[in-house]
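Structure, as C-alpha cells:
Just so it is clear, none of the values below were taken in a lab; they were calculated from the coordinates. From a predicted model like this one, the values you see are computed outputs, not experimental measurements. Cβ coordinates were reconstructed from backbone atoms using ideal geometry, including for glycine residues, and neighbour counts include every protein chain displayed.
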Amino acid sequence: MRNVLVQNMNKIKKAVPVIENKVKVKVGFGKGQVSIKGSELNEYLVEKVVQAIDFGFMVDDALLLMNDDFVLEFIEVKEHTRRKNLKEVRARMIGTGGKARKTIENLTGSEIVIHNNTVGVIVDSYHLDAVVQAIESLIQGAKHGNVFAYLEKQNVSRRKFDEDDLGLKEGVKKIADDIDEEGLSEEEIPEVEKALE
C-alpha cells in the first residue's frame, strides 16, 4: 500500500472512478493524502497518475503514464535562471495565447502544465530530452524560433532514424504498390510469397 500526499483532494476524488475503472487498484482518502492498494506495479503507476492530477494535469493526460513509454518530469524554473521576475519567465514559456506551450506540445506529443515556478511535463521517453532541453532554453532566455527549430530538427532526425532499415520496407512497399496497380498474375503469386518469407 502506498500513501501519496496531495493538495487538491477534490480533483483527485473526481478522478478516482476513472482511475479505478482503468487499473485494478483501490484508492482510499485520508487527511491530505491518498492511499493506493493493488499490485506493486499498479500502485507505482497510479501514484504517478495521482501526482500528475494533483499538479494540474487533466485526468486523460495523466492516464498516459500507465503506458511504459510515458514519463512525468518536473522542471524547477528557479534552478535554470537568475532572473528575479519569474512571472516574465513563465510568460515566455506559455507564449501569447498559449502558443509557445502548444507548439512544444505539438512538436513533441507532450503535455505541459505550468504551476507556480514548476513546469510539469508528460512525454514519451523518446522526446523527453528534447522537451526538457527546450523548456530549459526558454527559461534561460533563448529565442522561441530557435527552440522550435531545435525541436523540429530533433523530430526529423528521429524520423530519419526510424526509417533507417535494411531496405526491406521499400521492397514490401514496391510489391504492395504493384498489387494496387495491376493485381497479381498467376506467375507473380509464388514470387511475392517467396519475397515475403
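Quick notes on this one:
- For segment 57-143, the number of Lys pairs separated by eight or more positions or lying on different chains, with C-alpha atoms closer than 22 Å, is 8.
- Computed E for Leu5/Tyr150 - FRET, C-beta separation, R0 41 angstrom, nearest 0.05: 0.70
- Take the Cα of Asp60, step 7 Å toward its Cβ, do the same at Lys14, and the gap between the two points is 1.5 nm.
- With 0.36 nm allotted per residue and the present C-alpha distance subtracted, the Asn117-Ala142 stretch has 7.2 nm of extension available.
- Alpha-carbon centroids, segment 27-87 and segment 111-131: separation in whole Å: 11 Å
- For Thr108, Thr96, Thr81, order by how many other beta-carbon atoms lie within 10 Å, fewest first: Thr96, Thr81, Thr108
- Computed from phi, the 3J(HN,Hα) profile of segment 116-125 under the Karplus parametrisation 6.51, -1.76, 1.60 (θ = phi - 60°) reads 6, 10, 10, 10, x, 10, 10, 8, 6, 5 Hz, with x in place of Gly and Pro.
- Rg then Dmax, both in Å and based on the Cα atoms of segment 69-164: 13.1, 46.
- Rel. contact order, % - alpha carbon contacts under 8 angstrom, at least six apart, segment 69-164: 34 percent
- Mean separation of Cα pairs under 8 Å and 6 or more residues apart, divided by the residue count, gives segment 1-66 a relative contact order of 37 percent.
- The dipole here belongs to segment 1-66: it is taken about the Cα centre, uses +1 on the Cβ of Lys and Arg and -1 on the Cβ of Asp and Glu, and is about 260 debye.
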